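See below for the structure under consideration.
The values are calculated or read from the model by the stated rules, or taken from the named source; none is laboratory data. These figures come from a predicted structure and were not determined experimentally. Cβ: placed from backbone, ideal geometry, glycine included. Neighbour counts: every protein chain shown. Keep in mind that these areas ignore ligands, DNA and RNA; they rest on the heavy atoms of the full protein, side chains included. Shrake-Rupley method; radii C 1.70, N 1.55, O 1.52, S 1.80 Å.
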Amino acid sequence: MVNSMDLNGLARGISLRPATSSDKYFINTLYRSTRDDLRLIDGDEDFVETLIEQQCHAQTLGYENMFPHAFYFIVEKQQQSIGRVTLDFSDDAVHLIDIAFIPEARNKGYGESVLRALQLAAAKSCSSLILSVHQANWTAKKLYKKLGFKIDGFYPPYERMVWYPTTKEMMA
């Protein structure tokens, strides 16, 4: 079902492809770029870098345990890796486990483009799109609300949000 995710609705030059073992360095570098919060810890640089590495490993193991059938994609712009998307498919829902972009690709509309394409794909399979967002991530929550996601539950420090396709979207 998911050999390629070159979905309709993606912005020009943006595509998704399955992640491979050769993407490990990019994925680790991307993860490190998302953990500025850990860089605020009062400790020497080696300690902080080791902690970030351990957190990256823990996230990988956590995803593998919680979502053993997940699909991992690399977001590319004109064949340059700019982000990643992790998805899990069930009978009635697409679960967006993780989406992240390199700093240079943030706030340029790429995330919105990917989310809209995922919504289109979910609608075509009559599925909802589910995600979790940190309660303090106001930028992401604003985007998700703009795209029609509704808060479905609170699991501090996260909120679960769900998007349901309309009949019109399912017929498109």
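Between the stretch 20-44 and the stretch 100-119, what is the separation of their alpha carbon centroids in Å? Spelled out, the Cα-based centre of one part sits 19 Å from the other. Over all distinct Cα-Cα pairs of the chain, the Kirkwood formula returns a hydrodynamic radius of 17.0 Å. Computed on protein heavy atoms with a 1.4 Å probe, the accessible areas place K77, K146 in the order K146, K77, largest first.
Highest mobility in the GNM of the chain, judged by mean-square fluctuation with C-alpha springs under 10 Å and restricted to P157, P103, P18, is found for P157.
Taking amide H atoms as placed 1.01 Å from N in the peptide plane, the amide H of I102 lies under 5 Å from those of G83, each 5 or more residues away in sequence or on another chain. Our coupling estimate for the stretch 84-99, obtained by passing each phi through the Karplus curve with A = 6.51, B = -1.76, C = 1.60 and θ = phi - 60°, is 9, 9, 10, 10, 10, 10, 10, 4, 10, 8, 10, 9, 7, 6, 7, 9 Hz, Gly and Pro reported as x. Calculated accessible area for the stretch 97-163 comes out at 52 Å² per residue, all protein chains present (probe 1.4 Å; ligands, DNA, RNA ignored).
Here the stretch 1-120 is treated with +1 on each Lys and Arg Cβ and -1 on each Asp and Glu Cβ, and its dipole about the Cα centre works out to around 640 debye.
For the stretch 23-147, which whole percent of the accessible surface, found with a 1.4 angstrom probe, sits on carbon and sulfur atoms? Of the solvent-accessible surface of the stretch 23-147, carbon and sulfur hold 52 percent.
Considering the dipole of the chain built from charges on the beta carbon (Lys and Arg +1, Asp and Glu -1) around the Cα centre, which of P68, A100, V114 is farthest to its positive end? Of P68, A100, V114, it is V114. Across the chain, the mean sequence separation of Cα contacts (distance under 8 Å, 6 or more residues apart), normalised by length, yields a relative contact order of 19 percent.
Gyration tensor analysis over the Cα atoms of the stretch 104-172 returns equivalent ellipsoid semi-axes of 21, 16, 8 Å (largest first, whole Å).
Taking amide H as placed 1.01 Å from N in the peptide plane, the amide H of Y158 sits under 5 Å from that of Q135, each at least 5 places away or on another chain. Note on surface exposure: H69, H134, H95 rank H69, H134, H95 by accessible area, highest first, 1.4 Å probe.
Here the extension length gained between R17 and L40 equals 4.9 nm, from 0.36 nm per residue of separation less the Cα-Cα distance.
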